[in-house]
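Working notes, beginning with the structure itself.
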Amino acid sequence: MSTTTTDGATADAAPAVPEVLRVTGLQTSYQFRGTPVPAVQEFSLSVRPGEIVGLVGESGSGKSTALKSILGMLRPPAEVVADEIVLDGRDLRGLSADEARRVRGGEMSMIFQDPINSFNPAWTIGSQFRRVLALHRPDLRRKEYDAEIIRLLRGVGIDGNGKLDSYPFQFSQGQLQRIMIAVACASKDLKVLLADEPTTSLDVTIEAQVLDLLRTLRAERGLAMVLVTHDLSVVAEMCDKVVVMYAGRIVEVADVFDLFERPQHPYTAQLLRAIPGFPHDGERLYAMRGAVPGLDAQIRGCRFADRCDAKLGSICDTQAPDLYPVGDQGARAACHRVVTDLPTPTVQETSR
Amino acid sequence: MSTSIPTPPAVEPRDPGAATTPAPASVHRADEVGLLRRLASNKLSLISLIGVVFFLLLALVGPFFSPHDPAALGDDPMAAPSSTYWMGTDSVGRDVFSRFLHGSRVSILVGFVAVVFALVVGTALGMLAGMRSGKWRDSVIMRLMDVILAFPLLVLVPVITGIIGQRDLSLGPIPIGPEVLVAVAIGIVLVPVFARIARASVLAEMREDYVMAVRSFGGRSRDILLRNLLPNIAAPLVVQAAFGLAMAITVEAAVSFLGLGVQPPGASWGTLLADARQYVTLGAWWLVVFPSIAIALFVLVFNLLGDQLRDELDPRAKTAMKKRSGGSRRARRGAVAAATPERVEGEQR
């Protein structure tokens with residue numbers, strides 16, 4: 001490995017390394033018939049260079065919305081408010097529309113769940129790629145674009161020779177996702193890669209290749225990543241830190257090992273328990289009862305209370321828990337149990 | 001190796017080989033160049049294509065073949081078709097065939113100018129409205145379109161020509177003739193059709209992931225609009241343009257027939273018919289038949305073309321007809337039906 005630049009930037013970098021992306025107090029709401037409906041509330045996130053942060057939760061918990069809010073992709077009727085969205089020391093909220101546009105794809109880019117639909121079907125891969133280079137690579141001359149594209153494609157394991165004039169439908173899903181990653185990483189200043197369920201639509205073997213590629217990118221370029229997924233095995237494999245979201249709010253933040261060993265929030269524990277394993281004696285697979293409450297639901301107590309297997313009592317129905325700190329490593333959990341020091345009972349049952 | 005990122009090992013070893021085979025390229029070519037060829041392979045669309053070529057030639061080179069001066073008064077009025085006057089002569093002895101050739105050019109040109117105007121203006125307005133749906137810009141544009149649509153075609157066109165036609169207009173050094181004026185008037189009337197299609201298509205496309213992806217890579221709004229959305233909404237607009245041409249021709253004929261379009265010394269299919277009006281009952285059928293046939297054929301040809309284009313360009317229809325003919329499609333459906341009982345059997349076992 002030839003990391004002559006910067007300082008290592010691996011997962012076990014000292015906490016002294018300043019975070020490359022810091023988001024606090026993010027709130028995204030949609031105007032619906034005149035009233036704002038919150039989709040994400042009190043969201044915060046910090047990512048250090050070379051760190052992969054997982055963003056986990058069920059469908060509808062606001063993961064993707066949070067990601068798009070950070071990148072400034074949402075438009076009215078969506079409304080994004082935040083205390084700070086700081087990328088590499090610069091608050092993105094104060095930027096003009098043009099500057100914000102240059103940040104997107106330049107310093108922070110995003111890859112999507114469905115690689116097939118993420119390319120414009122009407123243009124060749126080469127022409128779409130060239131356009132991104134034209135936006136973010138002023139160091140290149142027009143003539144050098146194709147060589148650079150082929151070099152970038154080789155970086156993601158695709159032989160681009162003679163294929164730049166092919167249309168997206170001529171590639172497989174796995175290839176397209178890797179091309180998408182190459183496009184996303186085309187900028188030299190790229191610092192953060194936001195991945196919105198990048199492997200959900202891929203089959204398992206291809207998934208492994210894409211995850212491998214993301215890890216390689218992290219190691220080689222010291223990229224920070226935010227990986228949205230609902231697949232906990234992906235989290236276990238990839239992430240250093242995990243943020244668990246439920247119904248638009250963060251319910252737990254933890255180091256990946258702690259999260260799997262000692263989940264602090266019952267929701268996390270129940271998520272872990274819902275991973276199918278080898279049933280021992282004909283036991284039924286665990287399924288969490290109920291569903292994520294709607295965005296407009298009026299909830300007084302804990303948002304997870306009516307699905308929780310470890311409810312404490314009336315306090316859960318009447319008082320919303322804060323995001324209490326757990327331990328001194330920066331972990332947090334939004335559960336009254338944390339303050340009472342009770343263990344989350346479902347965890348023990350989880351051990352298979 | 002010049003790459004900063006080394007190739008991950010064991011990455012889809014199958015892929016490079018598969019993609020270097022010429023097969024995908026040929027698939028692509030068939031899809032790309034195929035449109036004209038596919039149109040030509042279908043009997044109906046072949047007919048419409050031949051018709052289109054015929055009318056284009058008629059408009060472009062027809063007048064050069066006119067045997068007489070179309071405006072020259074002859075000394076043989078109301079003559080039936082003969083070897084000298086192929087389509088007979090009118091009440092003042094002008095050669096109908098020559099007038100027909102010149103009139104065709106005017107009619108077809110008016111049609112094309114009107115549709116191009118409507119296509120460009122309508123698409124631009126519709127896309128602008130669609131990009132900011134629900135905002136005031138959208139409302140203003142679309143309500144304006146509704147206002148235009150609220151008037152009957154045949155009323156609005158003369159009114160517009162009347163309004164703009166009061167003064168002698170010129171676009172720089174080029175004077176704008178009455179024909180162009182009629183064309184623009186018809187174009188204005190056709191604008192809402194294209195605007196609505198463009199807006200609806202943009203609304204649908206804006207929800208596609210690729211628009212989100214382009215924005216996430218910092219694409220400019222202009223690029224999204226022109227480079228990403230336009231090619232993807234082009235198909236329905238092209239189809240509508242074919243129908244629009246047929247419509248523009250009939251509107252022109254109708255308005256000219258009423259004496260409110262192309263003015264007398266000039267000829268168009270509509271004015272030819274208007275001139276013939278008084279003499280039809282006197283047995284001068286040749287004055288009516290030829291322009292009528294021309295209008296009917298033109299409308300038929302372009303409606304056919306529009307239908308065929310829609311079949312070819314609609315992406316859903318395209319996937320459904322991916323394989324060459326209906327025969328193989330039927331065969332495949334049969335195969336699926338045959339497979340179903342087997343599967344049921346398998347489940348029973």
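Throughout, read-outs are computed from the coordinates displayed, never taken from laboratory work. The structure displayed is predicted, hence computed values, not measured ones. Note: ideal-geometry Cβ built from the backbone for every residue, glycine included; neighbour counts use all protein chains shown.
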D (µm²/s, integer) via Stokes-Einstein for region B:220-318, Kirkwood Rh across alpha-carbon pairs, 37 °C, 0.692 mPa s: value 207 µm²/s
With θ set to phi - 60°, apply the Karplus curve 6.51 cos²θ - 1.76 cosθ + 1.60 along region B:202-208 and write out the HN-Hα couplings as whole Hz, x wherever there is a Gly or Pro. 4, 4, 5, 6, 4, 7, 5
Checked region A:42-119 with the C-alpha gyration tensor, a ≥ b ≥ c its square-rooted eigenvalues, rounded below a/c of 1.5, otherwise prolate if a/b is larger than b/c and oblate if not; verdict rounded
Describe numerically, in nm with one decimal, the distance between label points set 7 Å from Cα along Cα→Cβ at B:Asp307 and at B:Ala150. 3.5 nm
For A:Asp322, B:Asp311, B:Asp90, what's the fewest-to-most ordering of other Cβ within 10 Å of each Cβ? A:Asp322, B:Asp311, B:Asp90
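Among rounded, prolate and oblate, which fits region A:73-173 when a ≥ b ≥ c are the square roots of the eigenvalues of its C-alpha gyration tensor, a/c under 1.5 means rounded, and a/b larger than b/c means prolate? Can you show the working numbers first?
On the way: a/c = 2.49, a/b = 1.69, b/c = 1.47.
Taking the square roots of the gyration eigenvalues as a ≥ b ≥ c, region A:73-173 is prolate.
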Proportion of all alpha-carbon pairs of region A:21-246 beyond 31 Å (%): 20 percent
Calculate, in whole percent, how much of the Cα-Cα pair population of region A:82-138 lies beyond 16 Å. 57 percent
With the crude spin-label approximation of a point 7 Å out along Cα→Cβ, what separation in nm comes out for B:Ala40 versus B:Phe64? 2.3 nm
Sequence-distant residues sharing a close amide H with A:Met245 (under 5 Å, placed H): A:Val56, A:Gly57, A:Val251
Over all distinct Cα pairs, what is the inverse of the mean 1/r for region A:183-236, reported as the Kirkwood hydrodynamic radius in Å? 11.7 Å
Under a crude label model (7 Å from the Cα following the beta-carbon direction), how far is B:Trp285 from A:Lys143 in nanometres? 7.2 nm
Region A:196-298: relative contact order as a whole-number percent, Cα under 8 Å and 6+ apart: 18 percent
Got a sec to turn the phi values of region B:297-304 into Karplus ³J(HN,Hα) couplings, 6.51 cos²θ - 1.76 cosθ + 1.60 with θ = phi - 60°, whole Hz, x for Gly and Pro? 4, 4, 4, 4, 4, 6, 5, 4
Determine the alpha carbon to alpha carbon distance for each of A:Lys143/A:Lys188; A:Lys68/A:Lys163; A:Lys68/A:Lys191; A:Lys241/A:Lys311; A:Lys191/A:Lys241 and list only those over 21 Å. A:Lys68/A:Lys163; A:Lys241/A:Lys311
Averaged across the residues of A:150-157, what count of C-beta atoms belonging to other chains lies within 10 Å of each residue's C-beta? 5
Residue by residue through region A:83-89, the couplings from Karplus 6.51 cos²θ - 1.76 cosθ + 1.60 with θ = phi - 60°, in Hz, x for Gly and Pro, are 6, 7, 10, 9, 10, 6, x
With a cut-off of 8 Å between alpha carbons and a minimum separation of six or more residues, what is the relative contact order of region B:259-300 in percent? 34 percent
A:Asp317: net charge of surrounding residues, Cβ under 12 Å, Lys/Arg +1, Asp/Glu -1, itself excluded? +2
So, counting K/R as plus one and D/E as minus one, what does the shell of residues with Cβ under 11 Å around B:Leu73 add up to? -4
Does anything in region A:175-207 have its amide N under 16 Å from the 7 Å Cα→Cβ label point of A:Ser233, and if so which residues? A:198-207
Run the numbers on region A:21-246 and let me know its relative contact order in percent, using alpha-carbon pairs under 8 Å that are six or more apart. 31 percent
